[in-house]
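The values are calculated or read from the model by the stated rules, or taken from the named source; none is laboratory data. Just so it is clear, the structure is predicted and the values come from calculations on it, not from any experiment. FYI the Cβ positions are ideal-geometry reconstructions off the backbone, even for glycines, and counts take in every protein chain you see.
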Amino acid sequence: MKAVTWQGRRDVRVETVPDPTIQEPTDAIIRVTSTNICGSDLHLYETLGPFMGQGDVLGHEPMGVVEEVGSAVGDLKVGDRVVIPFQISCGSCWMCDQQLYTQCETTQVREHGTGAALFGFSKLYGEVPGGQAEYLRVPQARFTHVKVPDGPPDERFVYLSDVLPTAWQAVAYASVPQGGTLVVLGLGPIGDMATRVAAHQGVGRVIAVDLVPERLERARARGVEVIDLREHDGADLAETIRGMTGGRGPDSVVDAVGMEAHGSPGAKLVQDVAGLLPSFLTRPLMERAGLDRLHALYSAIDIVRRGGTVSIIGVYGGMADPMPMMTMFDKQIQLRMGQANIKRWVPEILPLLTDGDPLGVEQFATHRLPLDQAPEAYAMFQKKEDGCVKVVLKP
Ligand SMILES: NC(=O)c1ccc[n+]([C@@H]2O[C@H](COP(=O)([O-])OP(=O)(O)OC[C@H]3O[C@@H](n4cnc5c(N)ncnc54)[C@H](O)[C@@H]3O)[C@@H](O)[C@H]2O)c1
Ligand SMILES: [Zn+2]
Ligand SMILES: [Zn+2]
C-alpha cells in the first residue's frame, strides 16, 4: 500500500510499504478514506526528529471503513464506517474508567514514561504506524473507534479523530465563568475550532491572537475579535488585552500554539542546530535540556487575569524549561493541560455533526489533496502558504 513516511527533517515521502495485517485478536484493519495533516505532525516534521525512525508511517487523524477484524473486537464489524481517535486506548483499565483515555494503562509506553500509545507519533508514543496511508492497523479496536452513520460526507466526521474533541477539551479545561472572557492564542485548526466551540457554548467574549493574515481573517469572519501578533509583540500583547478587558485581563486563556511558537529566535536556533545533528546526540539534549519555544505559554501566563485559568492544548516537549514560577504563584493561576481524551467528548459533539453544521466542519478544510501530494501539503501547511489551515488527504 501507499503511505506517508518520515525520512528526515522536513522530508516526508509517499512510499510503498507492506499492507498491515491482524497481529492480535483485538486488532482491526481499516481502509482509510480521509486522513488529515495536523499541527502535531509539524512537531515531527520539524523538531522531534530525534525520536523518529526513518520510514515511520505518519498520521493520526484518519477515518474509513473496517476491512478485517480480529476475534476480540466487540461489536465492530467489517463494513462499519469509523473515525479512529489519535490515541489507542483499551476502554476498560482504571485510567479509561476515569475517561483519561490518553493515559490508558494498557497501552502506556512505559519505556519512555509516556501515556497512551498514539498513531504515527514517534518512539515516545510507541512508534505505531500511522493513518496517512491506504490501510491502518487499529490495535485495541474494540474501543479505539467511533462509529459514524453512512450518508454524510467524510468531512462531517473526520475531525472527531482529533480537532473537535481537542478544541472541546481546550475550552472545557479553560473553565470560563458564565459571561466571562476567553483568549485563544493561535488560530491553527485547533485554536480556530476552539473559538467556534466557545462561541457555540455561549462564552461571553472570545478574543484570538495569531500572526497569519488569512487565519485572522477566517476567525474574524465568524465574529471573533482578533489581534494580529505582528502589531503587538512581547509585553505589549498582554497590555493590549488588559486594556480590552477593563484592565483586569481575561478569565481564561487557551494556548493552542505549542512548541513551534513564533517569537523566541534563540530557542529556534538551538532547535535548528539540533535538527542537523545525528539523533543519538540530540535525543538526550531534547529530553533534558528543554529546547522548547515557550513564547506562547509565557504570554498566556502574562495575559490571564489573577486567579484565572490557563488551558494548554498546544504540545510541549522537553524537561528543564524554566517556568515563571514566581509570576504563576503570585497570580494564583490554575493550569490544565494534556492530550485530548477523545472519546470523553464525542457524545457531546456528535449531535452537532448530524443536525445542521453549527461548527462549520464541512467548510473547515482549506485543501483536499490526494495522498500522493502529502510532501507538498506538509511544506505548504508548515509555511502557511496559499491560505492553508487544514489539509484533508484522500488515499
Ligand atoms: N493536546 C492535544 O491533544 C493536541 C491535539 C492536536 C494538536 N495539538 C497541538 O495544538 C497545537 C496547534 O495545532 P494546530 O493543528 O492548530 O497547528 P498550527 O501549527 O497550524 O497552529 C499554530 C498557530 O499558532 C500561531 N502562532 C505561532 N506563534 C504564536 C504566538 N506566539 N502567539 C499566537 N499565535 C502563534 C501560528 O501562526 C499558527 O496559526 C500544536 O502544538 C499541536 O501539536 C494538541
Ligand atoms: Zn492531530
Ligand atoms: Zn485503558
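Below are the figures for this structure:
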{"item": "Residue that is within 16 Å of ligand 3 (Cβ to nearest atom) and under 24 Å from G188 (Cβ atoms), where the choices are P85, P62", "result": "P85"}
{"item": "Qualifying residue in segment 115-130 (condition: in contact with a Cys (Cβ under 6 Å, 6 or more places away or on another chain), aliphatic (A, V, I, L, M) and within 16 Å of ligand 3 (Cβ to nearest atom))", "result": "yes"}
{"item": "Residue satisfying all of: in segment 198-216; more than 18 Å from V163 (Cα to Cα) and either among the polar types (S, T, N, Q) or more than 12 Å from ligand 1 (Cβ to nearest atom) (or both); modelled with the lowest pLDDT among these", "result": "G204"}
{"item": "Hits in segment 228-256 - residues which are assigned to a strand (DSSP E or B) and surrounded by fewer than 20 Cβ atoms within 10 Å (Cβ to Cβ)", "result": "D228"}
{"item": "Positions within segment 128-145 being within 15 Å of ligand 2 (Cβ to nearest atom) and in a strand (DSSP E or B), in sequence order", "result": "V128, L136"}
{"item": "Any hit, segment 148-168, residues being surrounded by 24 or more Cβ atoms within 10 Å (Cβ to Cβ), more than 13 Å from ligand 1 (Cβ to nearest atom), within 25 Å of F86 (Cβ to Cβ) and over 17 Å from the mean Cα position of the chain (by Cα)", "result": "no"}
{"item": "Residue count, segment 197-208 (criterion: in contact (Cβ under 8 Å) with a residue 60 or more places away in the chain and surrounded by 22 or more Cβ atoms within 10 Å (Cβ to Cβ))", "result": "1"}
{"item": "Cross-chain or 6+ apart pairs with Cβ under 8 Å, segment 345-358 first and under 17 Å from Y173 (Cα atoms) and in the same structural domain as M193 (by TED's automatic domain parsing), then in a helix (DSSP H, G or I) and aromatic (F, W, Y)", "result": "none"}
{"item": "Condition check for R196: within 16 Å of ligand 3 (Cβ to nearest atom), of a type outside the set (V, I, T) and farther than 17 Å from C38 by Cα", "result": "no"}
{"item": "Residue identified as without any contact (Cβ under 8 Å) to a residue 24 or more places away in the chain and away from ligand 2 (no atom under 16 Å from the Cβ) among R110, R156", "result": "R110"}
{"item": "So R13, is it in contact with a Pro (Cβ under 7 Å, 6 or more places away or on another chain), touching a residue at least 12 places away in the same chain (Cβ under 8 Å) and basic (K, R)", "result": "yes"}
{"item": "Candidates E46, E24, filtered to the one that is within 16 Å of ligand 2 (Cβ to nearest atom) and acidic (D, E)", "result": "E46"}
{"item": "Test: residue in segment 354-364 that is more than 17 Å from the chain's Cα centre (by Cα) and among the β-branched types (V, I, T)", "result": "yes"}
{"item": "Check on L369, among the hydrophobic types (A, V, I, L, M, F, W, C) and not in a strand (DSSP E or B)", "result": "no"}
{"item": "Meets criteria (away from ligand 2 (no atom under 16 Å from the Cβ), under 22 Å from the mean Cα position of the chain (by Cα) and in the same structural domain as T309 (by TED's automatic domain parsing)) for L185", "result": "yes"}
{"item": "Residue among L48, L58 that alone is in contact with a Ser or Thr (Cβ under 6 Å, 6 or more places away or on another chain), within 16 Å of ligand 1 (Cβ to nearest atom) and aliphatic (A, V, I, L, M)", "result": "L48"}
{"item": "Unique match (being surrounded by fewer than 22 Cβ atoms within 10 Å (Cβ to Cβ) and at pLDDT 95 or above) among T21, T5", "result": "T21"}
{"item": "Residue in segment 170-187 that is nearest to T240 (Cα to Cα), counting only those that are crowded, with 24+ Cβ neighbours inside 10 Å and out of contact with any Ser or Thr (no Cβ under 6 Å at 6 or more places or on another chain)", "result": "V183"}
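Each row is one residue, and each column tells you yes or no for (1) part of a helix (DSSP H, G or I); (2) within 16 Å of ligand 2 (Cβ to nearest atom).
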residue: A170; (1), (2): yes, yes
residue: I190; (1), (2): yes, yes
residue: V203; (1), (2): no, no
residue: A208; (1), (2): no, no
residue: R218; (1), (2): yes, no
